[in-house]
Amino acid sequence: MQLIKSASELKSLLSEARRGGKSVGFLPTMGALHEGHLTLARRAVSENDISVVSVFVNPTQFNNKVDLETYPRNVAEDARKLSEVGVNFVFAPVVEEFYSKDELNNRFQFDFGGLDQVMEGKFRPGHFNGVVQVVSKLFSIVEPTKAYFGEKDFQQLAIIRRMVKVMNFNIEIVGCPIVRQVDGLALSSRNALLSDDQRQLATNIHAVLSESVQFVGQTSVQELHNSTIAAINRHDGLEVEYYDIVDGLTLKSIGRWDDSDYIVGCITVYCGKVRLIDNIRLK
């Protein structure tokens with residue numbers, strides 16, 4: 001495994017590999033890696049000749065400077081974990097080399113087709129501009145055959161798929177199922193911020209979502225929406241920020257169960273001060 005900080009060096013190495021007919025699998029991350037990330041990394045390793053994982057805390061997708069400053073960083077530990085699963089290259093650039101001053105100081109513009117106006121986009125304005133900015137730049141450097149994204153960040157995955165289409169990247173986007181603990185809690189770097197009691201409390205998010213599936217088609221969309229929020233909020237210490245039942249492709253809210261053949265419930269819940277996201281396929 002090689003740890004690389006220079007974009008030009010990585011481009012050179014990967015160009016040589018591609019000339020030899022080798023496929024390249026890529027996983028973009030912000031580090032603080034857990035088993036969810038490593039599951040995606042294993043897929044990149046197993047399905048491609050060359051695997052690349054970026055470890056880069058992207059400043060342009062943070063709305064809160066404190067969150068950016070306190071985001072956990074340990075490139076050496078992340079690289080060790082990735083080496084153990086067989087990743088070939090870890091790309092860990094420094095901000096000053098990766099972005100020009102102009103890129104850092106001006107919001108990246110992109111036609112989201114409305115995908116940024118719902119769910120996370122309503123509560124984190126500008127966040128997805130930063131996501132598209134960094135991922136498109138990484139794609140231009142790595143030029144992967146396949147790129148891997150977790151379905152826990154469901155809205156992000158939909159936006160990346162649109163980005164690839166709009167910007168004409170010849171890349172296969174591979175969506176990977178949510179990796180959960182045995183008790184159902186979705187793996188997340190933010191889980192490390194939970195106390196033991198909060199971590200146990202947070203398992204109720206997936207438990208309620210899972211139970212709600214049995215009522216699909218038996219009750220109205222609005223009734224299921226309201227009852228799901230109420231069931232989670234009944235747990236002292238949990239507070240739903242939003243819960244949207246949407247078409248899995250357009251992310252538009254649905255009004256009836258026959259509005260779509262692919263329906264997903266997407267939720268964000270505060271557990272104390274820790275913001276957790278999750279989702280479940282309802283249809």
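The values are calculated or read from the model by the stated rules, or taken from the named source; none is laboratory data. Everything quoted here is computed from the prediction, not taken from an experiment. Cβ coordinates were reconstructed from backbone atoms using ideal geometry, including for glycine residues, and neighbour counts include every protein chain displayed.
Scanning segment 115-164 for residues that are under 22 Å from SER100 (Cβ atoms) and modelled with pLDDT under 95 yields a total of 2. Against the test of being without any contact (Cβ under 8 Å) to a residue 24 or more places away in the chain, within 17 Å of ILE280 (Cα to Cα) and crowded, with 17+ Cβ neighbours inside 10 Å, the options ILE245, ILE229 yield a single qualifying residue, ILE229. Would a scan of segment 205-221 turn up a residue that is in a strand (DSSP E or B) and in contact (Cβ under 8 Å) with a residue 40 or more places away in the chain? Yes, segment 205-221 has at least one match.
Within segment 254-272, the set of residues being exposed (fewer than 15 other Cβ atoms within 10 Å of the Cβ), farther than 20 Å from GLY184 by Cα and either touching a residue at least 60 places away in the same chain (Cβ under 8 Å) or hydroxyl-bearing (Ser, Thr, Tyr) (or both) comprises TYR262 only.
List the strands (runs of 3 or more DSSP E) that sit entirely inside segment 1-84 and contain at least 2 residues that are over 22 Å from GLN156 (Cα atoms) and touching a helix residue (DSSP H, G or I) at 6+ places or on another chain (Cβ under 8 Å). Explain how you work it out, then say what you get.
Values: elements: 2-4, 24-29, 50-55.
So the answer is 2-4.
Within segment 252-283, the only residue that satisfies the criterion of being out of contact with any strand residue (DSSP E or B) (no Cβ under 8 Å at 6 or more places or on another chain) and either hydrophobic (A, V, I, L, M, F, W, C) or in the same structural domain as ASP153 (by TED's automatic domain parsing) (or both) is VAL274. Which residues, counting only those in segment 222-270, are β-branched (Val, Ile, Thr) and in a helix (DSSP H, G or I)? Answer for segment 222-270, where residues must be β-branched (Val, Ile, Thr) and in a helix (DSSP H, G or I): THR228, ILE229, ILE232.
Out of everything in segment 183-199 that is touching a helix residue (DSSP H, G or I) at 6+ places or on another chain (Cβ under 7 Å) and among the charged types (D, E, K, R), what residue ends up being nearest to TYR270 (Cα to Cα)?
If we take residues in segment 183-199 being touching a helix residue (DSSP H, G or I) at 6+ places or on another chain (Cβ under 7 Å) and among the charged types (D, E, K, R), then ARG199 is nearest to TYR270 (Cα to Cα).
Looking across segment 165-190, the residues that are in a helix (DSSP H, G or I) and either among the aliphatic types (A, V, I, L, M) or modelled with pLDDT of 95 or more (or both) come down to LYS165, VAL166.
If only one of LEU201, LEU193, LEU249, LEU224 is over 16 Å from GLU151 (Cα atoms), in the same structural domain as GLY272 (by TED's automatic domain parsing) and modelled with pLDDT under 95, which one is it?
Values: LEU201 fails: modelled with pLDDT under 95; LEU249 fails: over 16 Å from GLU151 (Cα atoms); LEU224 fails: modelled with pLDDT under 95.
Result of the check over LEU201, LEU193, LEU249, LEU224: LEU193.
Exactly one residue out of LEU33, LEU104 is of a type outside the set (Gly, Ala, Ser) and touching a Lys or Arg at 6+ places or on another chain (Cβ under 8 Å), and it is LEU33.
Given the structure, is LEU238 more than 21 Å from VAL118 (Cα to Cα), in contact with a strand residue (DSSP E or B) (Cβ under 9 Å, 6 or more places away or on another chain) and either among the aliphatic types (A, V, I, L, M) or at pLDDT below 95 (or both)? Answer is yes for this residue.
When LEU209, LEU187 are screened for being surrounded by 15 or more Cβ atoms within 10 Å (Cβ to Cβ), in contact with a strand residue (DSSP E or B) (Cβ under 8 Å, 6 or more places away or on another chain) and closer than 30 Å to LEU138 by Cα, only LEU187 passes.
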